[in-house]
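**Q** Got a structure for you, questions after.
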Amino acid sequence: MQEPPTRAADLFVSVDGERLRYRDEGQGPAVILLHGWTLDLEMWRPQVSALHDRFRLIRLDRRGHGRSEGTPASERDGADLAALCSWLKLTRVALLAMSQGVRGAVRFAARASIDVAALILDGPPRLDSASVADASLEQYAALARTQGIEAFRREWARHPLMQLRSGDAAAHALLAAMIARYPAREFTSPLRQYAPSCDRVPLESLRAPTLVLSGAHDLPGRRRAAIQLASDLPDAELVVIPGAGHLPNLDCPDTYNRLCRTFLTRHLFPRHQR
């Protein structure tokens, strides 16, 4: 797995009294990258290495993840994205979101006051489901209460969604490190307050061209969700990545990067600059 060419500085934006970490690197059209549950902005290292020459890549630690403050609340991701765009004075963006991050990206895109030029939605959950990750949040909360946060982390690391098919030792180390540092603050907060929202996402209002990605070896429910999402959106294509599970950006980074680069170039650059 390639490392980013240089280590970008950690930057912070304050949203509702909480500091959210982001990194801003590369030049070109702005692309915001949004990770899934228990992960953080470090998951996008292979993409930064491959795409920073063509795009301005803005990686956000979602609320309650990585070095961002607050308690995880996926229903707040859209507002956090809006605040980040306002802070950076962005008027046109693309979004690359995976897993639970897809919910926030879609909510933001459906209601954004700025131009959302393209969407890449990777391994989406069912958008009408309150499930955090094809597993019960209450189940993990009970484990954390009775046996501690480390017990939760060990159990979650064994979940099928967190299994890499790649033999790249660096990718495995990166994933293990992200899970090991996940703060899991939702398990020390009132659970009902931070359960993911199931409010209907207005997919019919999304007009941005969309690439839906799915690992060929992702869970069947996730593969079905990807197919359904691609069919529900007015301008979407679905690509299944062979040899990949739920984390194709780490399992098959070369294929993933090529797909992202081609799609983003097509929709973010005028024809004569492609």
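**Q** Which value in deg cm²/dmol, rounded to the nearest 500, describes the helix-derived mean residue ellipticity at 222 nm for the chain, given -39,500 (n - 2.57) per DSSP H run of n ≥ 4 and division by the residue count?
**A** Value at 222 nm, helices only, nearest 500: -10500 deg cm²/dmol.
**Q** So which trypsin sites (Lys or Arg not before Pro) in region 27-112 end up in coil per DSSP with only 10 or fewer other C-beta atoms within 10 Å?
**A** Listed in order of number, the matching sites are Lys89.
**Q** How do Val102, Val15, Val212, Val239 line up, fewest other C-beta atoms within 10 Å first?
**A** Starting with the residue having the fewest Cβ neighbours, the order is Val239, Val15, Val212, Val102.
**Q** Next question, about the same structure. How far apart, in nm, are the 7 Å Cα→Cβ label points at Arg154 and Ala173?
**A** Roughly 2.3 nm, to one decimal.
**Q** Among (1) 24.6, 87; (2) 18.2, 54; (3) 17.3, 60, find the value of Rg and Dmax of the Cα atoms in Å that was calculated from the structure presented, and write down its label.
**A** (3)
Bear in mind these aren't lab numbers, they're just calculated from the coordinates by the rules spelled out. Small disclaimer: the values here were computed from a predicted structure and weren't measured. Every residue, glycine as well, gets a Cβ built from its backbone with ideal geometry; the counts of neighbours run over all protein chains shown.
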